[in-house]
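Taken together, the values in this text are just the output of simple stated rules run on the coordinates, not laboratory data. Source: prediction; values computed, not measured. Cβ placement follows ideal geometry from the backbone for every residue including glycine, while neighbour counts extend to all protein chains displayed.
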Amino acid sequence: MKIGVYPGTFDPITNGHLDIIKRAHQLFDKLYIVVPVNIGKSALFTTEERVDLIKKVLVDYPDIEVVATDKLTVEFAKNVNATAMIRGLRMVSDFDYELQLATINKKLDDSIETVFIMSSHEYSFLSSSSVKEIAKFKRDVSLFVPDVVNKALQEKYK
Ligand code: ADP
């Protein structure tokens, strides 16, 4: 059984993340979406809210598990017998950071590969930060995020 782990901040989950999740779902028998609890950057949504939004978005995918963890993601991956961590790549600007992360993770645990999935062209410009920036100005973000996330953003910026 091939098990994959897709870690991310997901503050909040966007259609770009969702595209990566659906495509990773085709590649793995079991997929974990993992939200690290101790992130350096300050988030708009709490960990619980982010996990809850992802769960709501993935309600039709009972075989995808959404969890928060206070462990290093490689450790989490090891504990659930995953063989791969999934990351999305949008533009060249993602590359440096992602290469650094993948290299460090490989040093931490050589048995876990990082698998990159290229963003679909319609989402290559999309990030959680740009969505938040637009929503803050009360502009419609329904093109970029699932309905439940759109509502949660409207609530936050009301
Ligand atoms: P992190 O803080 O771990 O980078 P993010 O939620 O910003 O968390 O991103 C998680 C992963 O999803 C990263 O690999 C990022 O490059 C990828 N990602 C984010 N938005 C998109 C998108 N629109 N298309 C493809 N991949 C994306």
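Listed from fewest to most Cβ neighbours within 10 Å, the set Ile134, Ile21, Ile104 follows the order Ile104, Ile134, Ile21. The long axis of helix 47-57 is offset from the longest Cα principal axis of the chain by roughly 80 degrees.
The gain in end-to-end length when the Lys107 to Lys22 segment is fully stretched comes to 27.8 nm, 0.36 nm per residue minus the alpha carbon separation. Classification of segment 17-88 by its C-alpha gyration tensor yields an oblate form. The axis ratio a/c (a ≥ b ≥ c) is 1.5 or more, and b/c is at least a/b.
When only alpha carbons of the chain are considered, Rg and Dmax amount to 15.2, 46 Å.
Just add up the charged neighbours of Gly8: K/R +1, D/E -1, any other residue whose Cβ is under 10 Å from the Cβ of Gly8.
Net of charged neighbours comes to +1.
Taking 0.36 nm per residue of separation and subtracting the current Cα-Cα distance, fully stretching the chain between Val115 and Ser129 would add 2.7 nm. Counting Lys and Arg as +1 and Asp and Glu as -1 over every other residue whose Cβ lies under 14 Å from the Cβ of Glu113, the net charge comes to +2. Note on the chain: GNM, Cα springs under 10 Å; of Asp96, Asp63, Asp19, the largest mean-square fluctuation is that of Asp96.
Among the trypsin sites (Lys or Arg not before Pro) found in segment 6-75, those both in a DSSP coil and sparsely packed, with 14 or fewer other Cβ atoms within 10 Å of their Cβ, are Lys41, Lys71.
Footprinting exposure proxy ranking of Ile64, Ile54, fewest other C-beta atoms within 10 angstrom first, gives Ile64, Ile54. Relative to the longest principal axis of the Cα atoms of the chain, the long axis of helix 147-156 makes an angle of roughly 60 degrees.
Connecting C-alpha atoms closer than 10 Å in a GNM of the chain, tell me which of Ile13, Ile117, Ile33 has the biggest fluctuation. Maximum fluctuation in the GNM of the chain, among the listed residues, is at Ile117. Once the Cα atoms are used to define both axes, helix 15-27 deviates from the longest principal axis of the chain by about 30 degrees. As a proxy for reagent exposure, ranking His121, His25 by other Cβ atoms within 10 Å from fewest up yields His121, His25. Build a GNM of the chain with springs between Cα atoms under 10 Å apart, and of Pro146, Pro12, Pro62 the one that fluctuates most is Pro62.
What pairs in Lys56/Lys107; Lys22/Lys151; Lys56/Lys151; Lys30/Lys71; Lys30/Lys55 have C-alpha atoms more than 24 Å from each other?
Lys56/Lys107
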